[in-house]
């Protein structure tokens, strides 16, 4: 009987795994009051921005964005209204392509550190400019001369920065310590020649990368194994491909430079369920139940 029970559990887990593709589309959307599919359009925000809207980060309360020409840090609420503009034109000589925040205190400041990708447009080595959250310049560190940097994100668990570089010849992500030490490089052959933004999804333990060429979100494990693709439609909503990406709950917000808009798309249900771990746990419970049953003293009639 115990063997039969374990076999039934194994078959059930195998079927569940087979029915759950890498993109996870059939997974029920429990966090929404109504059902949407991964990649569905949610909303369009139109902040009043004078420069080119390129970089995005969500700090738990509002968006922290960057604009190029002039180089600025923009504070934008979730309704799309700009309530703060900080000039970083002096120390960010190239284009302020993207931004991420480390919520810990930055140096002698009580403010978080803001890390801005300074893209030199092929005219020199890109760099990461480090500011306080209020725009006070602290220092910079250089990126490889061959890089054309497209995005940056911070992962609290590792305390490191992940910097997205476009294809040369393959797109990749650099992992950097906060002091500018290069730790490792991850090649991402699944991406096109021009990926445009990266964000760490802590609750789901995955990275999301927006690929402007394919207009899609690419999902990766913490070790950058490719998990799947979620098509979106930034081009259909704004007329052009997007740039930076930020995550608010299970909605991915993507900035579009030309229209200066921010498009929201659903990601709920896209991350695969850890079927393997669930299956192992169920089989362990079945083994314990069988052991208890076999060792229980029999009561003779």
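Observations, loosely collected:
- Within the stretch 190-212, the set of residues being within 12 Å of residue 166 (Cα to Cα) and either out of contact with any strand residue (DSSP E or B) (no Cβ under 8 Å at 6 or more places or on another chain) or assigned to a strand (DSSP E or B) (or both) comprises 193, 195, 196, 197, 198, 209, 210, 211.
- Positions within the stretch 251-260 being modelled with pLDDT of 95 or more and farther than 19 Å from residue 214 by Cβ, in sequence order: 251
- Any chance residue 270 is touching a residue at least 40 places away in the same chain (Cβ under 8 Å) and farther than 20 Å from residue 62 by Cβ: yes
- Yes/no for residue 181 being at pLDDT below 90 and loosely packed, with under 14 Cβ neighbours inside 10 Å: no
- Inside the stretch 229-247, residues that are surrounded by 20 or more Cβ atoms within 10 Å (Cβ to Cβ) and either part of a loop (DSSP other than H, G, I, E, B) or on the phi > 0 side of the Ramachandran plot (or both) make up a count of 4.
- Condition check for residue 138: surrounded by fewer than 23 Cβ atoms within 10 Å (Cβ to Cβ) and either assigned by TED's automatic domain parsing to the domain that holds residue 192 or touching a helix residue (DSSP H, G or I) at 6+ places or on another chain (Cβ under 9 Å) (or both): yes
- For the stretch 158-171, the criterion of being modelled with pLDDT under 90, buried (at least 17 other Cβ atoms within 10 Å of the Cβ), assigned to a loop (DSSP other than H, G, I, E, B) and within 17 Å of the chain's Cα centre (by Cα) is met by at least one residue.
- Condition check for residue 106: touching a strand residue (DSSP E or B) at 6+ places or on another chain (Cβ under 9 Å), surrounded by 15 or more Cβ atoms within 10 Å (Cβ to Cβ) and over 23 Å from residue 68 (Cα atoms): yes
- Single residue of 22, 75, 44, 10 found to be outside any loop (DSSP other than H, G, I, E, B) and at pLDDT below 95: 10
- Test: residue 212 is touching a helix residue (DSSP H, G or I) at 6+ places or on another chain (Cβ under 8 Å) and either surrounded by fewer than 21 Cβ atoms within 10 Å (Cβ to Cβ) or in contact (Cβ under 8 Å) with a residue 24 or more places away in the chain (or both): yes
- Total residues in the stretch 215-225 satisfying the condition of being assigned to a strand (DSSP E or B) and either over 16 Å from residue 172 (Cα atoms) or touching a residue at least 40 places away in the same chain (Cβ under 8 Å) (or both): the figure is 3.
- The condition of being modelled with pLDDT of 80 or more, within 20 Å of the chain's Cα centre (by Cα) and surrounded by fewer than 17 Cβ atoms within 10 Å (Cβ to Cβ) holds for only one of 98, 59, 89, that being 59.
- With respect to the conditions (1) touching a residue at least 40 places away in the same chain (Cβ under 8 Å); (2) surrounded by fewer than 23 Cβ atoms within 10 Å (Cβ to Cβ); (3) within 17 Å of residue 128 (Cβ to Cβ), residue 64 falls short on a single one, namely (2).
The values are calculated or read from the model by the stated rules, or taken from the named source; none is laboratory data. Remember, predicted model here, so these are calculated numbers, not experimental data. With ideal geometry, Cβ positions are generated from the backbone for all residues, glycine too; neighbour counts draw on all protein chains shown.
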